[in-house]
Every structure is written in structure tokens, then in C-alpha cells.
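Here you go, one structure.
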Amino acid sequence: MRDIKYSFRRLLKSPGFTAVVVLTLGLGIGANTAIFSVVNTVLLQPLRFREPDRLVTIFHFYRSEALNNLEAPVSAPGFRDYRDKTKSFEAVAVETGWAANLTGTGDPERVPASRVSGDYFRVVGVAPQLGRAFGRDEDEPGKNKVVVLSDGFWKRIYGADRGVIGKTVQLNAQSYTILGVMPEGFRAFFNSRADIWTPLALDPSRFDPSNYTNESLNLTARLKPGVSATQADAEMRAFAEQVRRLYPQAVGTAWTLKVRTLDELATGSIRPALLVLLGAVGFVLLIACANVANLLLARVTSRQKEVAIRTALGADRWSLVRQLLTESVMLALAGGLLGLGIAYWSVKTLVSIVPNIPRSTDLGIDGAVMAFTLGLSVFTGLLFGVVPALQTSRTNLHNTLKEGGRSGSADVSGRMMRRVLVVGEVALALTLLIGAGLLIKSVAKLQGVTPGFDPDRLLTFDLSLPNAKYTNDTLRQQFFEAMIERVRHVPGVVAVGGTTTMPFGGSWSTGSFEVEGYQRGPNQPGPWGDIRYVTADFFRTMRIPVIQGRAFDSQDQPNGQIVAIIDEEFVHKYYRGQNPIGKRVTFGAPPGKQPDYINIVGVVAHTMHEALDAKPRIQLYLPYSQRPSFQNMSVAVRTSGDPLLMARSVRDAIHTVDKDMPLSNVKSMDDLLEGSLGQRRLSMILLGAFSAIALLLASIGIYGVLAYSVTQRSRELGIRMALGAARARVLRLVIGQGMALALVGIAIGLVGALALTRLLGTQLYSIRPTDPVTFVGVSLLLAAIAFVATLVPALRATRVDPVVALREE
């Protein structure tokens, strides 16, 4: 306590020094705390299910480069077989994304939802906080009009009314009975946005083996006690061989099964980026510690007499070291407190900038993060304080107490240590700057990729027609035609088009088909790619160029010739050197029947769909007018002004067709494109911010060391100038010393950057990890900033008055 009180008084007597140190440490500790909160939530905290280490998923896996080694969901017959005919799983359930039109509670709204099989809540091991979940008996057609609510939906719509159980809610113009309310914080794994859950109630016809690759169900399974994911994977691969023998026409030779843990699936894509960022903030903290250590070493001389007097009065070296370390830890704890505030603000900002961080709703500063910050602060205080403490406690009692004593071995060794620390700061800063430079250049290249359409001034949203109200194809087609016609006449609207899957909208639809005349090789998959149904004006609205043939038009009706449009990738793969117009494709036919052929009438440019850097898949477009059975449609509206400002007018126009029709996922296409860059943007923003902090701290470090050196050498410099040294020579001397430190640090940093950038390889697009332009450019930038940092102390050195310096000597 005596050490703490004494340290507190000393720090108050030096408010400028204390503020600089606390701010420096606050930046370093705050950055580490913010990233640790993300790492803790995404990588370290278990999923909010019972015994999450026993939860796995099964994929239909296509071992083929042509199919990009696709991991697909399972099918209805697959789900039945994996549940009933395998031995590794205690229970198996499936879910599929859904969205319901909620009415009767105010303005109509689109509610994200999931349809789940009867055992779903038993598999994840989470029971409702209120009421009950549904079981297998309710997972049947005709018995499935029941619903379980999320805690957030219950509180928002029903004001946390505990009497809600047994009441009904209107979803898609049908009444659903409320059975239960899930606990606060519960989120489905595959559809974390879901606010309601209803039984899946699969139609018996979907279990036919011919539907084995009709893949739309996300599967969650609970392993039996003692069974590992590796053992389950081996069983499922063996089971896949049986399926291929039983249903060779349904699954094909490239098809197999793959088991992955939910934990691996949740963190696999973002884990490398987070680990790189965790290392980067560690570098920032090391630079901050080096800066503070330099400041403390600079105070060694000013405290030598104090330490000498205390030693003369009987203080031993351990007492002195303990006292000095107490000051360091107090500074670090103050920096940690500031760092917590910086981290809290940083996490909130991060979620708003990059909203698709996994489990972002759980991010925050909790007890584990606070404990980490406390431990990190104490460790940091010891790290930057131990060398200055040892250095200060080695004071030569006789020389220091002797009047006029000004030098000693402690100052020489301290000067060497300060230089070493500055070299380390520059090396770490350069490593971070090169990593950030590569990511910035990579994202810039991605943003320059043409998606195949014009995203400017494009409003997008989703619509879904309830089966209870739109009971047949005619009613559905009438609604969409009327909707498009009304929206087209809204002032400011240029064009309107619809599709079953909007580019960058977060959904996709793929399938296999046959190309007339194409013979695939042995063990080779057949044609497979994106399949989209679109309205006649879709290509004009998106400004997708029609390269050959024609676009769809009003003549393409169900009773006419069945037509399709393909993209350039399709032509390059199957019709290279041929005219594709008039060629035919088919989705096959039941045994004993002739296939229905689809005639190709046009070729359009290839468009990006899931990501700007995704491997291209061939694309097949079909006219919605020839198969108006789809309930869901994504709509694109091209406007003459800001598309989001048109959203209200577009919504009002749609409500003149159906007042209960909600619009969901209302966004501009620019926002969708930005969202597809989420993980890369996260890495770029954070690594760029850390690099900027590192550059600032390293520059301050160089300036501080040289400024202190000029102060210590003022007598020497005065004597030099008194003996005839020109001011330009003194300027070169000081700048040369500073730049020598910077250049050594840059050389070491280049080696470190070569190691770091290898870890960034998977996050880079169209740029090598050893890009020479980035390495040279960043090195020159850091050298230039180091030069500026050395120039100010150097200019001050030239202003030393020789007469004053000699008089003091």
C-alpha cells in the first residue's frame, strides 16, 4: 500500500507524462480487448446448445473440380435414411429457411422464420422458457399449424405477455397456434435471424429416392455418447457407397457424404482472419509497450538522485524494483480502464460496419473480456516496466550523489536499449503496414470487378405470396404482373424485373440438367449450374447485356415453346465454336417417358452471384411466365435517383395490389455488393486501423528517442559547433542517427512481413502475398515518415547555443 500511495503521488506530479502513457497503453490494450471480444465470442465460446461438441451436420459432398467440390444440404430421402439407418447419431433433425407474412398486429411485416422437423429442439437440447416445443406428431401435413416464438419476437409483438400460449397468430393468411417461447439469446444455427419456428411437415412424395439430390434441408445431428465426428464421417462415407449402388441415376459417381462439427462450420471461414488480427493487435501492444519503456528509460537520469538517496537511506534493490514496477502496473491499469471504453466503442462500431460477423448479436464486453483486460494490463505493466526498473535500480551511488555527476554506464546501456526498442517498433509497424497494404489493394481490386450488371440506382426487395390466399398459378401470375405494372408507373422508376434468386441476395439455386448432344466422360458429373426464373424485363432492369439472340418477352407463355437463355460461361463450356441459338437442354424425364426439351433463344453476359471472387458457374435462365408456380420473388427496381428514397413509393404501389403484402430485405444493390465483401472488409478495416496506430506510435518513438538524445547531447553538440562544426553537419548527424534506426527496423520488418503475408494468402484477391509494389511503397512511406520524425529534433539540435553549452560545461 505504501508503494501504491507513493506511485499515485508521483504520477499526479507528472500529469503530462501520465496522460501520454495512459493514452498510449489505452490504444494498445483497447485494440487487443476489442479483438479478443470477437475471438472469445466466435472462436472460444461454445454454441448456445446443450453439449455443442456433440452436434454435427451432414453435407452432400460432390468430389469434383467442375462442381467446385460443392457442399450441399441434404434431401428429404437422405434425411430419412440418415435418421433411421445409421448408428452414430442419437437424434437427427433438419431445418430450412422460411419467411412468413405477419398480419393482424399492425402494419404487415415479413418475419424471418424456419421450418424444422419434429425432433429439432430435442437435438439442439434447448427447451422453451414458456410453453412447449412441438413433436413428431405435429410434424405432419395438416397438423403443422403451430408455432414457437423467439424471445425477441415475443417481447416485441406481445409485450412479453405470459398468457400468449394457446393464442393464434396470422402467418401467410393462416392461423397458427402459439405453443411456446424460446429462451432469450437462443438462435438457430443455420438461420440465426429466425424469429419463429414451425413444423416442416414434409409431403410423403418428397421421400421418393429420385429426390435424393433435391437438396434444400440443413441437417443437425447429435452424436451418441462416445462417438466422435471422425467415426461418424467414416460411417457416412461408407453409407454413401451403398446409396450410390442403390440409386446410381439419382446421385452420380461424384456424390458422397461428409460430416462436420457445427463448431468447425461456425468458425472455419473466419478463423484465419481472426487469428491474423489477434497477432496484429499483439504487435500494436508491443509497440505501445516499447514506447512506454522508452519514456520510462528517458526518466532514468532524472530519477537517479532519488534512487541514490533512497539507497543511501537503506532501501535495498528489490524494494526499489518493486516500487518502480508498482508505478508501471498502475499506469497499465489506468490504460486498461481506458482500453475497455475504447473496446466497447470499437465493438459497437465494428458490428455496424461489418454486420455479417458470425454471432454478432452476442458480441460485447462480458466478464471474460474484463478478466482478459485485467490480466493483459498487469502483464503489460510488468512487460514495459521491468527493464526501466532494473536500469534505474542499478544507479552508482557515489557518482550520482557527487555534485556534477552526470554520466555513467546506466545511461550508456539505457541509450542502447532505447535504440533497440525503436528498431523493434519500426519493424513491427512495417509488418502491419505491408499486411494492411495488401488487403487494401486486394479489396480495391475486388471493388473494381464488374459483376456483369449495373448496380447503380438499383433497389431490391423480396416478396412472398401466402398459399392460403394465392392458391394457384393463375393468381400468383396475376399478382406479380399487376405488381410490376403498378411499380413501373411510380414516378422515378425506370424499369422493374423479378427473379427467383437475386444476385448477392444471400440465396442461390443450383441444379443439374442435360445438354442435348453432350456426352460426359466416365466418372464425370453432368452439366450443373445456377438456375433462375426471371420476368421478361429482368435483363433490361439489371442491364445485363444480351450478347446473342433475344431476351424473354410476352410471347413466352406456358402453352408456347418452352425457352431458356444461357450465359457466356455456358457457351464456352458446351458450345465453344458453335451457334447456341436453337440448341436444347432438358431436366430429364421419368422412366419410360420422353424428356421435355427447352430451346435456347438467347445468350447473356455472365453475372456474379454469391461473391465477386467466386468461381463462375454456368447460368441457365427460364421465363417465370412459363412456370408461375413460385411463391417467392426477388424484385429489382431501377430508379432515376436514390433507390432507397423510392422504397416508400414502391411499397405504397404494391399495397394497392395487396394491402397485406410486406416487403422484406429492402436494400440497394450497392449495399448488397458491399455486404459480399464482409470478411475481407473486416480484415482490411481492422488491420488498416492497427497499422495506423502502429505507424503513429513508431513515429512518436523515433521522435522521442532523438529528442531525448539531443537534450542529453546538447553540451556535446555545442562544443562541436564551438569548434567549427557547421549547422548542416549537425543536422546530418542527428538525421543520420534516426534514419539508421529506421532503416534497420525496415530491414527486419521486411523479413517479418514475408512471414505474415503467407498467412494472408487466402484473404487476398488477384494479388501475390509478396507483391513488390506494396513492399517497396510501404517501406518508402515508413522511411519518409521516419525522416519527418527525425527532422524536428535535428532542427532543434542546430539551434543549440555554443556559448550556453560551454558555460554549463
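The values are calculated or read from the model by the stated rules, or taken from the named source; none is laboratory data. Everything numeric in this text was worked out from a predicted model, so none of it was measured. Cβ: placed from backbone, ideal geometry, glycine included. Neighbour counts: every protein chain shown. Note: areas computed on protein heavy atoms with side chains; ligands, DNA, RNA excluded. Shrake-Rupley method; radii C 1.70, N 1.55, O 1.52, S 1.80 Å.
With (1) at pLDDT 80 or above; (2) open to solvent by 40 Å² or more (accessible area, probe 1.4 Å); (3) in a helix (DSSP H, G or I) as the list, and residue 769 as the residue in question, which single condition is left unmet?
(3)
Going by the conditions given, is residue 713 among the basic types (Lys, Arg), open to solvent by 20 Å² or more (accessible area, probe 1.4 Å) and within 30 Å of residue 23 (Cβ to Cβ)?
Working: among the basic types (Lys, Arg): yes; open to solvent by 20 Å² or more (accessible area, probe 1.4 Å): yes; within 30 Å of residue 23 (Cβ to Cβ): yes.
It is true that residue 713 is among the basic types (Lys, Arg), open to solvent by 20 Å² or more (accessible area, probe 1.4 Å) and within 30 Å of residue 23 (Cβ to Cβ).
Something else: Determine if region 314-325 includes at least one residue that is in contact (Cβ under 8 Å) with a residue 60 or more places away in the chain, in contact with a Gly (Cβ under 7 Å, 6 or more places away or on another chain) and more than 28 Å from residue 676 (Cβ to Cβ).
Pass one, region 314-325, residues in contact (Cβ under 8 Å) with a residue 60 or more places away in the chain: 317, 320-325.
Cutting the leftovers down to in contact with a Gly (Cβ under 7 Å, 6 or more places away or on another chain) gives us 324-325.
Then drop every residue that is not more than 28 Å from residue 676 (Cβ to Cβ), which leaves 324-325.
Yes, region 314-325 has at least one match.
Considering only residues that are of a type outside the set (Gly, Ala, Ser) and either buried (at least 16 other Cβ atoms within 10 Å of the Cβ) or at pLDDT 95 or above (or both), which ones fall in region 184-205? If you could, list the steps in order and put the result at the bottom.
First, pick out the residues of region 184-205 that are of a type outside the set (Gly, Ala, Ser): 184, 186-187, 189-191, 193, 195-200, 202-204.
Passing the criteria: 186, 187, 189, 190, 191, 195, 196, 197, 198, 199, 200, 202.
Among the residues of region 122-159, which ones are open to solvent by 60 Å² or more (accessible area, probe 1.4 Å), farther than 18 Å from residue 188 by Cβ and among the hydrophobic types (A, V, I, L, M, F, W, C)?
Within region 122-159, no residue meets the criteria.
Filter region 210-228 down to residues that are over 24 Å from residue 114 (Cβ atoms) and modelled with pLDDT of 90 or more and give me whichever is surrounded by the fewest Cβ atoms within 10 Å (Cβ to Cβ).
Top of the filtered list is 226.
Moving on. Mind checking which residues of region 662-698 are under 30 Å from residue 103 (Cα atoms), in contact (Cβ under 8 Å) with a residue 12 or more places away in the chain and part of a helix (DSSP H, G or I)? Break it down stepwise before answering.
Filtering region 662-698 for residues under 30 Å from residue 103 (Cα atoms) gives 662-669, 671-672, 675.
Adding the requirement that they be in contact (Cβ under 8 Å) with a residue 12 or more places away in the chain leaves 662-669, 672, 675.
Listed by number, the residues that qualify are 669, 672, 675.
Based on what the data block shows, is residue 188 hydrophobic (A, V, I, L, M, F, W, C) and either more than 25 Å from the chain's Cα centre (by Cα) or outside any loop (DSSP other than H, G, I, E, B) (or both)?
Values: hydrophobic (A, V, I, L, M, F, W, C): yes; either more than 25 Å from the chain's Cα centre (by Cα) or outside any loop (DSSP other than H, G, I, E, B) (or both): no.
In short, no.
Further, regarding this structure: Go through region 203-225 and report how many residues are farther than 22 Å from residue 528 by Cβ and more than 34 Å from the chain's Cα centre (by Cα). Can you show your working first?
Initially, region 203-225 is screened for residues farther than 22 Å from residue 528 by Cβ, giving 203-205, 207, 220-225.
If we keep only those that are more than 34 Å from the chain's Cα centre (by Cα) too, we end up with 203-205, 207.
Summing the residues that are farther than 22 Å from residue 528 by Cβ and more than 34 Å from the chain's Cα centre (by Cα) in region 203-225 gives 4.
Can you give me the ranges of the strands (runs of 3 or more DSSP E) entirely in region 561-646 with at least 2 residues that are among the β-branched types (Val, Ile, Thr) and crowded, with 16+ Cβ neighbours inside 10 Å? Reasoning before the result, please.
Details: elements: 563-567, 584-586, 597-604, 619-623, 632-639.
Here the list reads 563-567, 597-604, 632-639.
Shifting gears a bit: Across region 54-73, which residue is most open to solvent (accessible area, probe 1.4 Å) among those that are modelled with pLDDT under 95 and among the aliphatic types (A, V, I, L, M)?
66
Also: Which condition number does residue 474 fail, the rest of (1) part of a loop (DSSP other than H, G, I, E, B); (2) hydroxyl-bearing (Ser, Thr, Tyr); (3) open to solvent by 50 Å² or more (accessible area, probe 1.4 Å) being met?
Answer for residue 474: the failing condition is (1).
Could you grab the pairs with beta carbons closer than 7 Å, sequence gap of 6+ or different chains, first residue in region 81-95 and within 13 Å of residue 56 (Cβ to Cβ) and basic (Lys, Arg), second one open to solvent by 80 Å² or more (accessible area, probe 1.4 Å) and not in a strand (DSSP E or B)?
Within 7 Å, no pair qualifies.
Looking at (1) at pLDDT 85 or above; (2) in a loop (DSSP other than H, G, I, E, B); (3) within 23 Å of residue 294 (Cβ to Cβ), which is the one condition that is false for residue 787?
Result: residue 787 passes all but (2).
A quick yes/no check of all residues on (1) at pLDDT below 85; (2) touching a strand residue (DSSP E or B) at 6+ places or on another chain (Cβ under 6 Å); (3) aromatic (Phe, Trp, Tyr):
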| site | (1), (2), (3) |
| --- | --- |
| 460 | no, yes, no |
| 476 | no, no, no |
| 498 | no, yes, no |
| 524 | yes, no, no |
| 549 | no, yes, no |
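Checking residue 701 against (1) more than 17 Å from residue 481 (Cα to Cα); (2) without any contact (Cβ under 8 Å) to a residue 12 or more places away in the chain; (3) open to solvent by less than 60 Å² (accessible area, probe 1.4 Å); (4) not β-branched (Val, Ile, Thr), which single condition isn't satisfied?
Of the numbered conditions (1) more than 17 Å from residue 481 (Cα to Cα); (2) without any contact (Cβ under 8 Å) to a residue 12 or more places away in the chain; (3) open to solvent by less than 60 Å² (accessible area, probe 1.4 Å); (4) not β-branched (Val, Ile, Thr), the odd one out for residue 701 is (2).
Something else: Tell me, please, whether a residue that is open to solvent by 60 Å² or more (accessible area, probe 1.4 Å), acidic (Asp, Glu) and in contact (Cβ under 8 Å) with a residue 40 or more places away in the chain can be found in region 109-121.
no
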